[in-house]
Amino acid sequence: MGNVLISLCVAAGAAGLAYSKLGRRVGYGNAASVWTLVAITFGLIFLIMIILLNTLVSLD
């Protein structure tokens, strides 16, 4: 598996966790705020994972 695929999987898991945990706190009726938080979580975790995998881990 490549770095991008691993990053996507980890980011999707983190976004799912953010949806389930933060959705209750923000309120599932407020869909725009919940999906904004999920998108931000997905983007940040994806960037962090891609940077870490490209700089620290060699998957050759």
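The values are calculated or read from the model by the stated rules, or taken from the named source; none is laboratory data. Since the structure is predicted, the reported quantities are computational estimates derived from the model, not experimental observations. As a convention, Cβ positions derive from the backbone with ideal geometry for all residues, glycine included, and neighbour counts pool all protein chains shown. Quick note on the areas: whole protein, heavy atoms, side chains included, nothing else; ligands and nucleic acids left out. Shrake-Rupley method; radii C 1.70, N 1.55, O 1.52, S 1.80 Å.
Backbone phi angles across the stretch 33-40, fed through the Karplus curve with coefficients 6.51, -1.76 and 1.60 (θ = phi - 60°), yield HN-Hα couplings of 5, 5, 5, 5, 5, 5, 5, 5 Hz in residue order; Gly and Pro are listed as x. Considering the chain as a Gaussian network with a 10 Å cut-off on Cα pairs, which listed residue, 29, 16, 43, attains the greatest mean-square fluctuation? In the Gaussian network model the winner is 29.
Axis of helix 3-26 versus longest Cα principal axis of the chain: the two differ by about 20°, to the nearest ten degrees. Considering only Cα atoms, the convex hull volume of the chain works out to 62 Å³ per residue.
To put it simply, the accessible area of the chain at a 1.4 Å probe is 72 percent carbon and sulfur.
Probing with 1.4 Å while keeping every protein chain in the model, the per residue accessible area of the chain equals 69 Å². Within the stretch 13-44, the chymotrypsin sites (Phe, Trp or Tyr not before Pro) that combine a DSSP coil assignment with at most 13 other C-beta atoms in a 10 angstrom radius are 28. A probe of 1.4 angstrom, applied to the heavy atoms of all protein chains, finds residue 4 with accessible area near 80 square angstrom.
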